[in-house]
Every structure is written in C-alpha cells, then in structure tokens.
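Report on one structure; see the data block that follows.
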Amino acid sequence: MTAALRFDQIRLPPECEALRHEVREFLREEIAAGTFDPDEPQREDSDIPEFSRRVGERGWIGMTWPKRYGGHERTFLERYVVTEEMRVANAPTRRFFVADRQSGPVLLKYANERIKMDILPRICRGEVCFAIGMSEPNSGSDLFAAKTKATKTDGGWLINGTKVWTTSAHIADYMLGIFRTSPPTADNRRHGLTQFLVDMKTPGIKVNPIAQISGLKEFNEVVFEDAFVPDDHALGEIDGAWKQATSELAYERSGPERFLETYYVLTELVRALGNNPDTRGAEGIGRLVAQLHTMRRMSVSVAGMLQAGKEPVVEASIVKDIGTIWEQQLPHRVRDLAAFVDSDTANHHTLEEQLAFATKIAPKLTIQGGTTEVLRGIIARGLGLR
Amino acid sequence: MKRFRASMRIRQRPAMSSSLVIASAFPHHARNKNDIRILHSGISNTEAGGVVAESENIVAETAECIFADLADAQTINRDKSNHWKTPLWSALDDAGLPLSWVPEACGGAGVSLAEGFSVVQSAGKFAVAVPLVETMLAGWLLSQAEIPSPSGKMTVAPVRPQDRISIDANKTLTGRVRGVSYGADAEHIAVVAVSTNGSVIALVDASACHIDAGENLGHDASNSVTFNNVKPLTIKPAPSGFTPRSLMLMGATLRSLQIAGALEALLDISVRYSNERVAFEKKISKFQAVQHNLAKLAGEVAAAVTAAGSAADTIANSSSFDDAVFFEAASAKIRCAEAAEKGTAIAHQVHGAIGFSMEHILHRYTLRALAWRDDFGHESYWATELGRFVAARGADELWPLVASR
Ligand SMILES: Cc1cc2nc3c(=O)[nH]c(=O)nc-3n(C[C@H](O)[C@H](O)[C@H](O)COP(=O)(O)OP(=O)(O)OC[C@H]3O[C@@H](n4cnc5c(N)ncnc54)[C@H](O)[C@@H]3O)c2cc1C
C-alpha cells in the first residue's frame, strides 16, 4: 500500500497491571496525605519537589534507561502505565516529566560520560527539572529560523538572544536549547544550529514569566546575555542539531499526555449525569468513551512499536493530531452534554470549575509540541505527498 | 482449532490470470514469509494494492489473491451485467473461505477467529460485493449450536438490535427483520431467535420466508425478511449465555473491520490520485490543503483499523460475549462509523467530480463504508448502550475500565 500505516495490536502485558496498582496505591496515599488534590488541575505551580523525589524513589523516572545512570531498564509499556496513571490523577509531575520524556533520552544519546553520570541519576531521583529551548519570537513552527546565537570563545560558547514560551524555565535547573552556531547554507537552511545543555544558574540568563490566558504562569521568556556554556555542553553534531531536534520531538508525540490533559471533565460529566442518564447524555458519553478507548489503543500501539525498536514517526504524529484535537474539543462536548444538568447537583460546582479551566487551556493543546498544521505536514510526508 | 488447509481447497482456476501460482503443498502453519511468497509470487503489486506482502496470514493471503484476481474494482465497475459474481463466488467457495469458521467436522475450513477476521478486513479493502462475510458469519452462528452448514450463500438475521424473531411451541419462527444483507441472494438464513426458554439458533431455507426487494447505500441487496410461522430446517438451543446480542456484537465487529478495510483502500486510492491529478500546473498532492485533508484521512484510517482490530482481537481471545467484548465491539462500531463519515467525505473531496461519477471506482468503497454503519446496530445505538453501561458503573470506574483494555 502507498500509505503503509502500522498500528500493531499491542496489549499491555500482565506486569503492567501489577505496576498500575502500585502507582494507584501510591497516588492514593499522596492524595490522602494532602500532597495534591486530584480535583484541582489548576494549580498555580504543580511543582512539588518532595512528590518528585518520592516518585523517583519508587523508580518511576527514567524507567527505560540503563541502570548505571540510575535508570531501571524497564519497558516503554511500563513507563506508559505510570504516565497515564499520573496524568489521570492530575499528579504534579512538572518537575520531572520533561526530563523523563525527552531531555534525558537526548543526554543519553549525545552527552559525554561525565555529564551523563552527573545528571541522569539526579533526574531519576526526581531532583532535576528541564526546560526545552527551541522557540523564539520569530521561530516557532519554523524551527530553522532560530537566531539566538552561540559564539565560540575560549573553552566554550557565549550565548546571546531570546527564547520564548519556555515551559518551566522559572524552576528549571537546565535547558536543552538549540542555538545558531553558523548561518544556514544556500542549499540547506536547516544547517547551522547546535544543541546545548545550559545550566540555568549560569550568569547572564534572565527568566521573565509570561502569563497565560488560563491564569497560570507556566511559560517564560528567557533572555541570554553573554551566557557562557562550556565546550562539552555542546551535544551531538555542531551545526547539525536539526536532526536531533526533530528526533527529540518524536518523544513528545503519541504519549498518553497527548490526549488526557482535559480528561477530568469527562469523569465529572459522568458523575454529573448520574447512574441513569437520558438518551442524549448516554449517547454522548458512549461516543466520547469509544473515541478515548480508540486513541488510547493507538497510543499503546505506538508505545509497543517503540519498545520493539521500530520508528513509528507518522503513527506518533497521527496520535498527537487526533489526540490533541480530541482533548481540545472535549470541554466543549462536555459543556453541550451537561447543559441540562441541574446546577444544584452535588458535583456541579466541580464540573463547572473544571470545565471553565479546561475551556481556557484548550486552545494551547493543538499548539504545544508542534501545531496541528505542522503535524499534518509530517503525516503528509509519510504518505509520500511531499 | 484446526487450521485452514489451503492446499486442499485452492485450485488453480484456468480463467484466472496466469500470475497466480499456487504451490501444491502448504504447511498447515504457513506463518513465515517464505511460505507465503510462494502463494502470491508473480501477483502484480498494483492489483493487490501491495498489501499482500504485509500480511502473515495464509488465509487472508488466499482471500486477497482471489479478490485481486477476480474482484478488481475497475473490472467490476465496468461490468454492468454482474457476470463477475459467479467466478468470484466459486473461487471463494473452492478455497473454503465462506465456511472459514465452520469446524472441519461440520464441513468447514476450521480457520481460527483471528485469521477469519483478517479475511473480513480484506473483504472490506476490496469492497467485496458477494455475501462472503455474511456466509462466514452464518456458518459461525450455526456452529455455535453445532448445526452443520449447508453449501452455498447464506446470511444471518436479525441484523438490527430492535428486530426480534420469536419461536413458538411448534418450533416455528415468526418475526419481521429489516436490513438483512444479501437476503435476496442467500439460499439459507442462519437465525438467532428467542423463546420463553432462552435463545435458539436455527437454519432456515430462505425460500420459506417472504423477502422484500431492497438495497443498501452501496447497491448491495438489503432486504426485509418476514418469517411467518416458518419451520426451520434445523433448530437447536443456543449455548448458555448466547443471545441475539451476541450476534449483534460479532456482526458489529465484522462491519467495523470491513469499514476499516474500505478506509485503507480509500487512503491508498486517494493518495495515488492526488499524485496523478494536475491542477494549476502542480500535482494536487502538493497543495497543503489537500495534504492536510489526506493526513486527516490517514488519522481516520488509523483510528478505524485500531478500533476494529482491537475488538476482533478481544473476541478472538475471549470465551464468551462478556462486558469486555461489549465494550470493544461497541467502541469499534461507534468509532469506525465516525471514521466512515469523515473519511469518505475526504476521499470524495480529494477526487473532485470524477469520484462522484458512477464510472469511477470510488463509490464502490465510500458507499459501502457508509452502508455498513447501519448493520448490527447504528453507532448511536451502541453509543447509548455504552454510555449507559459507563454511567451505571459510575464516574470513578471509568478510567479503570478504559485502562483495563
Ligand atoms: C503552552 C505552551 C507551551 C510551550 N512550551 C514550549 C517550550 O517549553 N519550549 C519551546 O521551545 N516552545 C514551547 N512552546 C512553543 C510551541 O512549540 C510553539 O508555539 C509552536 O511550535 C508554534 O510556533 P508559534 O507559536 O511561533 O506559531 P507560528 O509558527 O507563528 O504559527 C502560527 C500559525 O501558523 C501556522 N503555520 C506556521 N507555519 C506553517 C506552515 N509551514 N504550514 C502551515 N501552517 C503553518 C501554525 O500551524 C499556526 O497555526 C509552547 C507553546 C505553548 C502554547
């Protein structure tokens, strides 16, 4: 077939079930202890260092990485279960999640041994927060328009310029950023970018919070003024970061976090409609559950293919495309279906609050991590159209 | 379960293109690609859509070879006389495919459920317009009560969850059921009927019923069948736990697989067309709007294939039609029907007017994908059932339910 899409039928193996119960039990204890409130996705700052450390102690960060770097050599499918349980419980994973998902794997691949031995075990202990420095004021979807410069100096590089929309930069210990080390060439505009590991405590870095329409301040502007980065913090090929950046993005797509960000409104809808909904309510729930189940099966399938060493790039993009549109539409569908719910119903308050919050964050879901349009470009390439 | 015996059942057909080379002896478990290559060596990849090499299932291989050879959409679409139906059916019949799921002891091929499901998806991929899937399902239904299957075309009833066939004390059947696929073509109808003591499964001579003319969106026969004190040829109690709903769940899964298969074909046909058609001095595949439409189509295909495959996989590994099967089959029918709606619209959009012409093959797939939504429960029916099921368990059980699959 021209368009050979593969979605292998993959089920989570039994060891994942045991793990799932451990994670649920752990989360129940954390909730009971008041660490976080599962009904409150709208925390101003979901970074709770002690929680991250306890997740690390359980061995649930860096699960698939080699043991000598603090990892646990477990499977992508086991990691999948932990991610989805954390997400559904609205657990505060901000501190470790980006490092776990993408920064750690990049270091594993490109950093020197000393850096790996230094940073990876700390990530696994839940002590390290990473930010991703790709976007700039004039470079978002078009990553190769990045201008923030790294200029060669004695023993390292001096960085100057501005990154923007940098999630967690205000609490991050490190940034993995791409910076311009030489101009693009006439025949390759992707040339000239290099990926660096930047210690956020480096003098010359200023982080300015940017308020979001949701009311939160999760992302930032990061300004660099002669910030020094040592030579061995340049990762991979000098001037060849585009390959690394695009493969890094593959880690960002297809995971359960790509369709579960507004999941809580569905739970609250079911609660609000009660045990015996009318036909309209029942049909609405049924469709949403069928869609969710299907996406999750697609997502598990991609995780299984990753585990098997395959490269399901197109399939992962499809999951993110469908998943983010679903999680974006979900609050609107729930609003429709809850229109006749008596506002005195016990949980109506929760539903209304959560709906308001989910509606406010919905617009970003199809932008972060690559826009719908960009993803469809990747899928189209996979279909042989470009 | 006994395996499909390709070597015994497939004969080389003289009328067929000489490309189909069938080895005289197949191992029963021809699971590695070397064995399969013998089967389709020489088959043109364009005809078979190139999909043949992907599969590792000897039964589906056999089916695809036959479809590619005798159910080529282009040829069929030009043949207004329906002459193609006879050789196609006899080839399928010779290969033992219509009775795939009937145990060997009852005269069938004794193929596993999983292998048969691949045949069904492939039948969707070729928009096969003979009652292959219906006969497979009828044979499967009869074998649930250990009723031997007759040869020839069969179908099943009821097809809609609202329809009922009841059985009275004289063991005669009464009821009017609608939308029976190929009811007018079938020689026999396999029926699940309800009595006061539970469900029965019966084999009925189609000529004993009153069958109204009718067709579905895809121009395949779809008939109302009236059972007016009809005496079945054979009647037996259904196994415990087997009800008309079990047939609905199995049927819904088959239609989901067919829709998924048709969507796979639609993606293939649409991508190919977009790379051929030139407008504004460019291939239309170079326009971003067209690319995005095709990317969306790919997403719908992926969703349908995953949902239907998941339901089929669940049935293949279950011993009863329990809640897990219900959850999966209902979800598959809902999601595949949605995919059919969105996907067929895109396929037509990409093709412009040519795809709307009867002359073009596109409608063979799009109209059937849309028609299959109506059989074995409209998606709204299943959505309502699924929603009630979820609601009754309560909000806190929703995630554990989804995560359990
Ligand atoms: C909540 C949130 C968190 C984020 N966190 C980070 C982070 O931690 N680190 C980081 O580096 N970035 C982050 N981003 C930035 C994100 O990666 C970019 O917003 C995204 O890549 C889009 O870039 P842009 O905002 O510049 O939009 P633009 O690129 O200007 O796009 C605007 C519109 O034009 C469309 N468009 C652009 N190019 C094309 C094209 N070729 N074809 C078709 N349409 C096109 C886009 O799809 C979009 O609809 C975050 C964004 C959000 C919303």
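Counting pairwise Cα distances across region A:136-189, what percent come out greater than 17 angstrom?
For region A:136-189, the share of Cα pairs beyond 17 Å comes to 45 percent.
Between A:His332 and A:Ser182, what length in nm is gained on full extension when 0.36 nm per residue of separation is reduced by their alpha carbon distance?
Separation in residues times 0.36 nm, less the Cα-Cα distance, equals 49.4 nm.
Do you know the relative contact order of region A:1-111, to the nearest whole percent, from alpha carbon pairs under 8 angstrom that are 6+ apart?
31 percent
Apply the Karplus curve 6.51 cos²θ - 1.76 cosθ + 1.60, θ = phi - 60°, to the phi angles in region A:100-107 and return the couplings in whole Hz, x for Gly and Pro.
5, 6, 10, 5, x, x, 5, 4
Let me confirm one metric for peptide A:296-307, namely the mean number of other chain beta-carbon atoms within 10 Å of its residues' beta-carbons.
Taking all residues of A:296-307 together, the mean is 3.
Using the heavy atoms of the protein chains alone and a 1.4 angstrom probe, what is the accessible area of region A:195-265 per residue in square angstrom?
39 Å²
Along Cα→Cβ, 7 Å out, is where each label goes; now give me the distance between the ones at B:Lys231 and A:Glu40 in nm to one decimal.
7.6 nm
What GluC sites (Glu not before Pro) does region B:272-346 have in DSSP loop regions with at most 16 other beta carbons within 10 Å?
B:Glu276, B:Glu281
Under a cut-off of 22 Å between alpha-carbon atoms, report the lysines in cross-link reach of A:Lys364, not counting same-chain residues fewer than 8 places apart.
A:Lys364 reaches A:Lys163, A:Lys217, A:Lys320, B:Lys296.
For every other residue with a beta carbon closer than 11 angstrom to the beta carbon of A:Pro183, add +1 if it is Lys or Arg and -1 if Asp or Glu, then tell me the sum.
The answer is +3.
Output needed for region A:96-223: three equivalent-ellipsoid semi-axes, defined as square roots of 5 times the C-alpha gyration tensor eigenvalues, in descending order, whole Å.
With the √(5λ) rule applied to region A:96-223, the semi-axes are 23, 20, 14 Å.
Under a plain spin-label model, where a point goes 7 Å from the Cα along Cα-to-Cβ, how far apart in nm are A:Ala145 and A:Ile115?
Each label point lies 7 Å from its Cα, and together they span 2.8 nm.
Give the accessible surface of chain B per residue, rounded to a whole number of Å², with probe radius 1.4 Å and ligands, DNA and RNA excluded.
For chain B, the solvent-accessible area averages 38 Å² per residue.
With the full set of protein chains in place, find how many percent of the accessible area of the protein assembly as shown is carbon and sulfur; take the probe as 1.4 Å.
Result for the protein assembly as shown: 51 percent of the exposed heavy-atom area is carbon or sulfur.
Equivalent-ellipsoid semi-axes (√(5λ), Cα gyration tensor) for the protein assembly as shown, whole Å, largest first?
Each semi-axis is √(5λ); the values are 51, 31, 23 Å.
In Å², what does the accessible area per residue of region A:298-386 work out to with a 1.4 Å probe?
Roughly 41 Å² per residue, with all protein chains present.
Quick one: order B:Lys125, B:Lys342 from most to least accessible surface, probe 1.4 Å.
B:Lys342, B:Lys125
What residues have an amide H closer than 5 Å to that of A:Gly133, excluding those fewer than 5 places away on the same chain, when H is modeled at 1.01 Å from N in the peptide plane?
When sequence neighbours closer than 5 places are left aside, the close amide H contacts are A:Leu176, A:Gly177, A:Ile178.
Could you compute the FRET efficiency for A:Arg11 and B:Cys106, with r as their C-beta to C-beta distance and R0 at 30 Å, rounded to 0.05?
Taking R0 as 30 Å, the efficiency between A:Arg11 and B:Cys106 is 0.45.
Can you pull the percent of Cα pairs in region B:194-282 with separation above 17 Å?
The proportion of pairs with Cα distances above 17 Å equals 72 percent.
Could you go through region A:307-312 in sequence order and give the Karplus-derived ³J(HN,Hα) for each residue, using 6.51 cos²θ - 1.76 cosθ + 1.60 with θ = phi - 60°, rounded to whole Hz, and x for Gly and Pro?
4, 7, x, 7, 10, x
State, in angstrom, two size descriptors of chain A derived from its alpha carbons: Rg to one decimal place and Dmax to the nearest whole number.
Reported Rg and Dmax, both Å: 21.3, 72.
Under 5 Å between amide H atoms, partner at least 5 residues away or on a different chain: which partners does A:Ile210 have, H built in plane at 1.01 Å?
Answer set, sorted by chain and number: A:Phe219, A:Asn220, A:Glu221.
Looking at region A:355-386, which residues lose a minimum of 50 Å² of accessible area between their chain alone and all protein chains in place, measuring with a 1.4 Å probe and not counting ligands or nucleic acids?
A:Arg376, A:Leu383, A:Leu385
Which of the GluC sites (Glu not before Pro) across region B:48-146 are loop residues per DSSP, with 14 or fewer other Cβ within 10 Å?
B:Glu56, B:Glu146
Using r as the Cβ-Cβ distance of B:Ser195 and B:Gln162, and R0 as 25 Å, what FRET efficiency do you calculate, to the nearest 0.05?
With R0 = 25 Å, the Cβ-Cβ based efficiency is 0.85.
What percent does the relative contact order of region A:98-166 come to when contacts are Cα pairs within less than 8 Å and at least six residues apart?
Relative contact order comes out at 26 percent.
Can you list the residues of region A:257-287 that have at least 20 square angstrom less accessible area with all protein chains present than in their chain by itself, probe 1.4 Å?
A:Tyr263, A:Thr267, A:Val270, A:Arg271, A:Asn275, A:Pro277, A:Thr279, A:Ala282, A:Glu283, A:Ile285, A:Gly286, A:Arg287
In terms of modelled amide H atoms, which long-range or inter-chain residues lie less than 5 Å from the amide H of B:Gly218?
The list, which skips near neighbours in sequence, is B:Ala371.
Between chains B and A, what is the buried accessible area summed over both chains (1.4 Å probe, protein heavy atoms, nearest 100 Å²)?
4500 Å²
Quote to one decimal, in nm, the extra length available between B:Glu215 and B:Gln288 on full extension: 0.36 nm per residue of separation minus the C-alpha distance between them.
So the chain would gain 22.4 nm between B:Glu215 and B:Gln288.
Please return the longest stretch of chain A lacking exposed loop sites, where GluC sites (Glu not before Pro) count only if DSSP places them in a loop and at most 15 other Cβ atoms lie within 10 Å.
A:74-236
Take every Cα pair under 8 Å in region B:86-225 that's 6+ residues apart, average their separations, divide by the length, and report that relative contact order as a whole percent.
19 percent
Enter the mean number of other protein chain beta carbons within 10 Å of the beta carbon of each residue in B:325-332, as an integer.
Partner Cβ neighbours, averaged per residue: 3.
Under a GNM of chain B (C-alpha, springs under 10 Å), which listed residue has the highest mean-square fluctuation: B:Ala332, B:Ala208, B:Ala262?
In this elastic network of chain B, the residue with the biggest mean-square fluctuation among B:Ala332, B:Ala208, B:Ala262 is B:Ala208.
Are there trypsin sites (Lys or Arg not before Pro) in region A:111-170 that DSSP puts in a loop and that have at most 15 other Cβ atoms within 10 Å, and which ones?
In loop regions of region A:111-170 (DSSP not H, G, I, E or B), the sparsely surrounded trypsin sites (Lys or Arg not before Pro) are A:Lys147.
Using θ = phi - 60° and the Karplus form 6.51 cos²θ - 1.76 cosθ + 1.60, what ³J(HN,Hα) does each residue of region B:203-218 get, whole Hz, x for Gly and Pro?
These are the phi-based 3J(HN,Hα) values: 9, 10, 6, 4, 5, 7, 9, 8, 10, 7, 5, x, 9, 8, 3, x Hz.
Charges at C-beta only: +1 for Lys and Arg, -1 for Asp and Glu. How large is the resulting dipole of region A:3-145 about its Cα centre, in Debye rounded to 20?
With only Lys, Arg, Asp and Glu charged at Cβ, the dipole is about 640 debye.
If I take R0 = 30 Å and measure r between the Cβ atoms of A:Asn275 and A:Glu25 in this structure, what FRET efficiency does the formula 1/(1 + (r/R0)^6) give, to the nearest 0.05?
Taking R0 as 30 Å, the efficiency between A:Asn275 and A:Glu25 is 0.65.
The values are calculated or read from the model by the stated rules, or taken from the named source; none is laboratory data. Quick caveat, the model's predicted, so the values are computed rather than measured. Here the Cβ is made from the backbone with ideal geometry for all residues, glycine too, and neighbour counts use every protein chain on show. Remember, those area values only see protein heavy atoms, side chains included, never the ligands or the DNA or RNA. Shrake-Rupley method; radii C 1.70, N 1.55, O 1.52, S 1.80 Å.
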